[in-house]
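The values are calculated or read from the model by the stated rules, or taken from the named source; none is laboratory data. Quick caveat, the model's predicted, so the values are computed rather than measured. Cβ: placed from backbone, ideal geometry, glycine included. Neighbour counts: every protein chain shown. Note: areas computed on protein heavy atoms with side chains; ligands, DNA, RNA excluded. Shrake-Rupley method; radii C 1.70, N 1.55, O 1.52, S 1.80 Å.
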Amino acid sequence: MRKLTYYVAVTLDGYIAGPDGSFDFFPFEGEVRETIMAEYPETLPVVARGPLGLTDTPNKRFDTILMGRSTYEAGLPIGMTSPYPQLKQYVISSTLTETPSDVTLVADDPVGLVRELKQEDGLDIWLCGGGKLAGALFDEIDELVLKRNPFVIGSGIPLFDSPFAVTGFTVSENRSFDSGVNMTTFKRK
């Protein structure tokens, strides 16, 4: 069965983006960049794949992406209407009314969608963001891959925007980089 993996950059104080949705303060350089390009090339948007020499690089971990409306809309100002054409793309939104034909719009029941996707053959499913969608799908998340950055921003979009619930995860892998970034994989207990 396929896994739902929440793979995301996060600050020490638990934010995945600033209050305005910005995330350009997360560095993409050095060892972290090389690791992402080697192990998670499909998580780089189409505008980055060509310049990074990844145009024909096959998917390694994921073949499907789920994103909330705000995450999807981050690319629209630069004309990126299909940010991850190398993946089967789903945008979960009850307010968005239109997407290109290769981006499937899902207006309700993201839990039902994930349960269906998990039963299909293929690589794992990447939950890209945001915090509200992660909160709605919390019980379906099998794995967290957190790129914890060594800084605090004080406010913004939380890793999970959900009700209080203590849930255990175990560390299955942890890598520290010279930049201070830690990439930690957690599996649900």
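A simple spin-label model places the labels of D178 and D139 4.6 nm from each other, with each point 7 Å out along Cα-to-Cβ. Counting only protein heavy atoms and a 1.4 Å probe, tell me what percentage of segment 66-122's accessible area is made up of carbon and sulfur. Carbon plus sulfur share of accessible area: 46 percent. Phi angles of segment 27-38 translate, via the Karplus equation with coefficients 6.51, -1.76, 1.60 and θ = phi - 60°, into HN-Hα couplings of x, 10, 7, x, 4, 5, 4, 5, 5, 4, 5, 7 Hz per residue; Gly and Pro are given as x. Residues considered: F23, F164, F177. Largest GNM mean-square fluctuation over the chain, using C-alpha springs under 10 Å, is found at F164.
At 1.4 Å probe size, with every protein chain present, just tell me what the per residue accessible area of segment 106-189 comes to in Å².
Working: 4380 Å² over 84 residues.
So segment 106-189 comes to 52 Å² accessible per residue, rounded to a whole number.
For S70, the accessible area of its heavy atoms, probed at 1.4 Å with every protein chain present, is near 80 square angstrom. Is it possible to state the helix-based mean residue ellipticity at 222 nm for the chain, with each DSSP H run of 4+ residues giving -39500 (n - 2.57), the sum divided by total residues, to the nearest 500 deg cm²/dmol? What is it? So the calculated ellipticity at 222 nm is -4500 deg cm²/dmol.
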